[in-house]
Amino acid sequence: MGRFWAIFFVLTAVIIFVVSWISPSQNWWFPGDGLAHSTLGSKIDDLFYLILVIVAVTFVGTNAALGYALWRGATIKQDEKVWFSHGSHSLEVIWTIVPSAILLFIALYQLDVWAAYRIKGFVKNRDGSPKQIVAVAEVTARQFEWRIRYPARGKVLKPTPQPDDLYSVNELHVPTGDLVSITLRTDDIQHAFFVPELRVKQDAVPGKLIPVWFDVTDTREYEMLCAELCGWGHYKMKAKLVAHSTEDFDAWKDQVSAEQFDDGFRKPAE
Amino acid sequence: MSTLNPTLEHAGHAEHGDHGHSQSFFFTYIWSTDHKMIGKQFLVTTLLMMMVGGGLALGVRWQLARPWERMPIFGDIVFAGDGGQISPDAYTMLFTMHATVMIFLVIIPVLAGAFGNFLIPLQIGADDMAFPTLNALSYWFMWPAIFFFGASFFMHGGGPAAGWTGYPLLSLLSEAAPGSRNAQTFWLMGLTFVGVSSMMGSVNYMTTIINMRAPGMTLFRMPLTIWSMFITAILQAFALPVLTAAGFMMVADRLLGTCFFVPAGIVVNNAPPTVGGGQTLLWQHLFWFYSHPAVYIMLLPAMGMVSDMLACMCRKPIFGYKPMVYSMAAIAGLGFIVWGHHMFLSGMNPALGMTFMVSTIMIALPSAIKTFNWIGTIWGGRVQFNTVMLNCTAFVSMFIIGGLSGIFMAAVPVDIYIHDTYFIVAHFHYVIFGATLFGVFGAVQFWFPKMFGRMMNETVGKIHFVLTFIGFNCTFYPMHMLGIAGMPRRYADPYHFPYLEHLLPMNQFMTAAAFLMGFAQFLLLGNFFLSIFFGPKCGRNPWGANGLEWTAPSPPGHGNFDIPPIVYHGPYEYGSPVAGDKDHLMQTDYVPLAQRVALQDH
């Protein structure tokens, strides 16, 4: 019976490994086409896969050891003497140093990605010069919608609204290519700005203005949601992020501006 | 397998049959100051609360499998007003209270309350806790908490609905959510009472372990269970006051008009703008300063108990006793400086984020050492595959998964994406249910003979184990995938978003597995309560274990030991060459000096 249980635990580990392995092919993986549609997002994905490999190797190794120990423990005869040992100093040293080296590697390896996400000076171009960040909009979360304010074409975003600012609700329009930033705030309680396919997420904290920067590589629509519990309507704080090419973005602004400042008055035809 | 002199065993029963404690029913079973009875009271209460917490979870799972559908039987009774459906309000209330009940009324009290109380005096050779009345109070202070949590369901506007983390302003401004009216105040009161109860326990455990050890019971001869309880008590003593203070601050904000957590100018639901210069982030810092160490309060005692049980069931000394102690101490120490990893996205200083990230990653190290040591303990042992061993193996095996998935979120850039998704839910269920609760199931079966003098049924125990194990993995493993697919936590209807629609069948599968697991718990309860009356009787030491508790009668009488124990060596001398024809050496077994020197060398 003991062997059965050894197999039972090994089989569990095998099933878990196989399920994880086939998940991407079953569409149980990253949303959409599985790729991050932003440069910083794909760095997160790379990091994720690196950790996944390290973790998978550790998982297989530890479970193999556990399974083997159980199997041996099941096959040992009842009158046989067990291996009487209080431990091994050298083994302890090995399995302290090896994991700490791996963990330290993970800790240091990811620092730049975190820095690029959070510290402006670390956002670099390919040639190493600091990259310009374009402030596109102020995004204000409230129960249960997103209100967005853009500067008029040719103007820059100011902390306080300007008379010709443009507004939209639940639709964030951004240009592709550039590194764009939004100023995130909330009118009421805590929310979180989340665009899964860009791997962007940031809490909107009451009383704070938080800049969030990202770039979008493809011109299309992305889903945008709230990731922090904000009451009964949390699940329906649904919005979309629309990425335009730079020209389209300007055209879109002109169009919104025309609609927004249209007072309805038409001169009668001559 | 009883290894003690039968006459001694007999004498023990005779002596304790009438120990001069002919107490009334009330003083024996209700207001008892005996640590064993208090432990049993805690155990029975927490097992029943586990069913309540599990039932709430099944409500959550029902909604995720069949959103907005009438819930059969149960829904018609509880949600009759909504036509048997779970409304989004009710849904937030369900998961909030599921977490609250499971954490504050099940996991923490079952480990520290039930097993801590029952085992500490027995394993260190004391006759009771240092402060028996305080001990009884620590149990009875759980009842106001149960009352407050329970009553909060019936408040105007429904139960608390701000998540178990109770982040302001959702939990603070009564306009933010219907459940944030009086229900949230009741929830905070419940939290305070649970805190007071744990605090009383923690002070008592520290004092007892430091002062009341039997002669010869040096610190490094204590079983790992005692070490883990000791470290947990220290964690509680330092971390809990912070949460209690935060709770009082929030109550003051709610009732007295202070503004600790309220920034100025917030407008919720068209109510007048708030005044005040508070910070909502302050709550997050205070809350996680307790609640991060709390995850170790929920895990360390189970680690200790599993170490004891594994050594016994493998008939081998624990591999690397001292590294195990040091790792627990390291986990506790690091546990105090990593709370910020719950707040990577809160907009705190990025440099602070880096320090929290490095310390968080490093906490994986002692956990890894412990895992390797458990495998080392099984390695080369003569494994007894009974229910206790199966649950302990499940503990190790599930802890491996839970520990490894933790590395993803310790890596901050990856955490940006998986924070607040189901990946997190998967991770902590693997640690808190997969590891801790399997450890508890094993511990119930292991110490049941000592508690009640009878054995639990092995067959039912194994069926319970297999159903729970399969149900558990089928429920929680797919949550990793949901998280990677970007499904956020706490969504009443994720399928509202096209990119999550295809996950419905997976959620239905998980819900079916969750129901299987939920119903399997009735086997545990049945086995537990029936065995109290009908289980086969057992002697003092049915497992052939080494600890001091096994030298006392089963169940021990008032005052625990018939002969005050004297300890000669550590608790893990299974298969010791100096044990003669036995395969283990009780801590009280005297070994001549020359042989003891040989033992020290190991």
*Would you be able to tell me the number of residues in the range B:33-76 that are assigned to a loop (DSSP other than H, G, I, E, B) and surrounded by 21 or more Cβ atoms within 10 Å (Cβ to Cβ)?*
1
*asked:* Name the single residue that is farthest from A:PHE194 (Cα to Cα) among those in the range A:21-40 being at the interface with chain B (Cβ under 8 Å from one of its Cβ atoms) and open to solvent by less than 30 Å² (accessible area, probe 1.4 Å).
replied: A:SER23
*asked:* Condition check: assigned to a helix (DSSP H, G or I) and either without any contact (Cβ under 8 Å) to a residue 60 or more places away in the chain or within 7 Å of chain A (Cβ to nearest Cβ) (or both). Does B:LEU345 satisfy that?
replied: no
_Where A:LYS267 falls short, out of the listed (1) farther than 30 Å from B:SER171 by Cβ; (2) open to solvent by less than 70 Å² (accessible area, probe 1.4 Å); (3) not in a helix (DSSP H, G or I)_ = (2)
*Working only within the range B:58-96, note down all residues that are touching a residue at least 60 places away in the same chain (Cβ under 8 Å) and away from chain A (no Cβ under 14 Å).*
B:LEU58, B:ARG61, B:TRP62, B:ALA65, B:ARG66
*Scan the range A:52-86 residue by residue and report those that are facing chain B (nearest Cβ under 7 Å), hydrophobic (A, V, I, L, M, F, W, C) and closer than 29 Å to A:ILE106 by Cβ.*
A:VAL55, A:PHE59, A:ALA65, A:LEU66, A:ALA69
*Counting only residues that are open to solvent by less than 10 Å² (accessible area, probe 1.4 Å) and either within 14 Å of chain A (Cβ to nearest Cβ) or outside any helix (DSSP H, G or I) (or both), which one in the range B:279-298 is farthest from B:ALA176 (Cα to Cα)?*
B:MET298
*Could you list, in sequence order, the residues of the range B:80-108 that are closer than 18 Å to B:PHE441 by Cβ and open to solvent by 10 Å² or more (accessible area, probe 1.4 Å)?*
B:MET102, B:ILE103
*asked:* Being polar (S, T, N, Q), in a helix (DSSP H, G or I) and either over 30 Å from B:LEU585 (Cβ atoms) or away from chain B (no Cβ under 14 Å) (or both): is that true of A:SER90 here?
replied: no
_The conditions are (1) touching a residue at least 60 places away in the same chain (Cβ under 8 Å); (2) part of a loop (DSSP other than H, G, I, E, B), and A:THR160 fails exactly one of them. Which is it?_
(1)
*Just wondering, is there one or more residues in the range A:102-112 that are open to solvent by 30 Å² or more (accessible area, probe 1.4 Å), of a type in the set (Gly, Ala, Ser) and either touching a helix residue (DSSP H, G or I) at 6+ places or on another chain (Cβ under 8 Å) or more than 12 Å from chain B (Cβ to nearest Cβ) (or both)?*
no
*Scanning the range A:121-133 for residues that are free of Cβ contacts under 8 Å to residues at least 60 places away in the same chain and surrounded by 14 or more Cβ atoms within 10 Å (Cβ to Cβ), which turns out nearest to the other protein chains (Cβ to nearest Cβ)?*
A:PHE122
*Tally of residues being more than 9 Å from every other protein chain (Cβ to nearest Cβ) and touching a Cys at 6+ places or on another chain (Cβ under 8 Å) across the range A:191-245*: 3
*Could you count how many residues in the range A:98-126 are among the β-branched types (Val, Ile, Thr) and outside any helix (DSSP H, G or I)?*
2
*Any chance B:TYR417 is facing chain A (nearest Cβ under 7 Å) and either within 30 Å of A:LYS81 (Cα to Cα) or not in a loop (DSSP other than H, G, I, E, B) (or both)*: yes
*Quick check, is B:ASN135 in contact with a His (Cβ under 8 Å, 6 or more places away or on another chain), buried (at least 24 other Cβ atoms within 10 Å of the Cβ) and over 18 Å from B:LEU48 (Cα atoms)?*
yes
*Here are some residues: B:ALA332, B:ALA394. Which one is modelled with pLDDT of 95 or more and either facing chain A (nearest Cβ under 8 Å) or assigned to a helix (DSSP H, G or I) (or both)?*
B:ALA394
*Taking the range B:299-320 as the region of interest, how many residues are surrounded by 24 or more Cβ atoms within 10 Å (Cβ to Cβ) and either at pLDDT below 90 or within 11 Å of another protein chain (Cβ to nearest Cβ) (or both)?*
9
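The values are calculated or read from the model by the stated rules, or taken from the named source; none is laboratory data. If you're wondering where the values come from, they're calculated on a predicted model, not measured in any experiment. Cβ coordinates were reconstructed from backbone atoms using ideal geometry, including for glycine residues, and neighbour counts include every protein chain displayed. Remember, those area values only see protein heavy atoms, side chains included, never the ligands or the DNA or RNA. Shrake-Rupley method; radii C 1.70, N 1.55, O 1.52, S 1.80 Å.
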